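Visitor: Submitted below is the structure of interest, expressed as structure tokens.
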Amino acid sequence: MSKIAEVGQLNFGEWPPRGGSRTIDCFEKLEQIGEGTYGQVYMAREIESGEIVALKRIRMENETEGLPVTAIREIKILNELDHENVIKLKEIVTSPGRRRDEQGRPDDSKYKGGIYMVFEYMDHDLMGLYKRPGVRFTVPQIKCYMKQLLTGLHYCHIHQILHRDIKGSNLLINNEGNLKIADFGLARYLPPNDRGNLTNRVITLWYRPPELLLGATKYGPAVDMWSVGCIFAELLNWKPILPGKDEPDQLNKIFELCGSPDENNWPGASLTPWYDNLKPTRPMKRRVREVFQHFDSLALDLLERLLTLDPSQRICARDALDADYFWADPFPCDPKR
Ligand code: AMP
């Protein structure tokens, strides 16, 4: 029987690994390895087992307001996901804090309000790896990482979860070559039956799809697939393909590469909220094949389908996994290689 984890007033529901009742004292912090949305990320060792983990601190600026809503959402979503290409949230631990009683003695009976998310430790992130001097991914390696990314994303999407911040620094890789999608701080459940509006101010600018830049508030898994297309091309091209300076510039860069939207290539484009203000000043033709003519033709076929302007025609993760690109020589390598 799984336990119910409670941290302060929060009930996180079913919680298989441990009861959520342990404190940060079970871990020895080794070093800070990153800065997350709501606090620092540390490499740490679990004292009992010696296992190396990543601890993500969730700071509570104001105790009366409790945990940031984004942190609660991230925990709830991660708690439901269990897949080899999605980062594993192992447990939540509380920080005892260092309050003092009236005599000035430390009083650890109440924790200050900080909690830590405990993750399996990952050695690298995709962009960090590929920016290393002297590192060149081979085509089988690129295929292997892309396959893992698509497999993890397909799993999220069939569970009705949109990640909404797919980019290289959120794709963590361990020394066994396993890629795991991380940072679910912006993730959301897909509203049922197209109801409910979502914010369009998500996804890091360079990886943000045209429908969000044109103000759409009803959208689906296709937003993540655009980001996958940007990463795929970046891996083959060795530099970001759409490095916009601001939102209008981002949209312009997309139009220059993918052509201007019209009712033929994207029925309904002109109905997006900001179309009239942001529509291209002149018609532009699609240049994906011309710009990336040095890519092999199967890679180009897949890229064309990922960087499709109309989100309803953009390829989904499952179909992308079936693309000939992954089933042709050179084949994806074993992750360990
Ligand atoms: P996040 O808020 O999840 O984006 O985390 C911020 C940074 O902390 C990341 O860019 C990574 O460098 C690092 N990080 C997060 N999770 C892990 C993990 N499980 N293993 C190793 N490093 C991590």
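The values are calculated or read from the model by the stated rules, or taken from the named source; none is laboratory data. Source: prediction; values computed, not measured. Using ideal geometry, Cβ is built from the backbone for each residue, glycine included, and neighbour counts are taken over all protein chains shown. Accessible surface areas use protein heavy atoms only, side chains included; no ligands, DNA or RNA. Shrake-Rupley method; radii C 1.70, N 1.55, O 1.52, S 1.80 Å.
Visitor: How much length would be gained if the chain were fully extended between D262 and E31, taking 0.36 nm per residue of separation minus their Cα-Cα distance, in nm to one decimal?
Guide: 78.0 nm
Visitor: Roughly how many percent of the accessible protein surface of the chain is carbon and sulfur, given a 1.4 Å probe and a whole-percent answer?
Guide: It is 49 percent, rounded to a whole number.
Visitor: Oh, and also: Under unit Cβ charges (Lys, Arg +1; Asp, Glu -1), what dipole magnitude, rounded to 20 debye, does region 124-327 have relative to its Cα centre?
Guide: Dipole about the Cα centre, nearest 20: 360 debye.
Visitor: Among M284, M146, M117, which one shows the highest mean-square fluctuation when the chain is modelled as a Gaussian network with alpha-carbon springs under 10 Å?
Guide: Top of the fluctuation ranking is M284.
Visitor: For the chain, with a Gaussian network of springs between Cα atoms less than 10 Å apart, report the residue from P133, P280, P248 with the top mean-square fluctuation.
Guide: P133
Visitor: What is the helix-to-structure angle for 69-80, meaning the angle in degrees between its Cα long axis and the longest Cα principal axis of the chain, kept from 0 to 90 and rounded to the nearest 10?
Guide: Long axis of 69-80 versus the principal axis of the chain: about 80 degrees.
Visitor: Between R136, R188, R164, which gets the highest mean-square fluctuation from a Gaussian network model of the chain, Cα cutoff 10 Å?
Guide: Evaluated over the chain, the most mobile residue of the options is R136.
Visitor: Note the angle between two axes, namely the Cα long axis of helix 222-237 and the longest principal axis of the Cα atoms of the chain, as a number of degrees from 0 to 90, rounded to the nearest 10.
Guide: For helix 222-237, the angle is close to 80 degrees.
Visitor: Above 29 angstrom, tally the Cα pairs of the chain and express them as a % of all pairs, no decimals.
Guide: Summing the P(r) of the chain above 29 Å gives 44 percent of all pairs.
Visitor: I've got another one for you. Given a Förster distance of 22 Å, report the FRET efficiency between H159 and N197 from their Cβ-Cβ distance, rounded to the nearest 0.05.
Guide: E between H159 and N197, to the nearest 0.05, is 0.55.
Visitor: Where does each of 255-261, 217-223 land if you order them by average Cβ count within 10 Å, highest first?
Guide: Most protected by this proxy first, the peptides run 255-261, 217-223.
Visitor: Another one. Ignoring ligands, DNA and RNA, what accessible area per residue does the chain give at 1.4 Å, in Å²?
Guide: Ligands and nucleic acids excluded, the figure is 49 Å² per residue.
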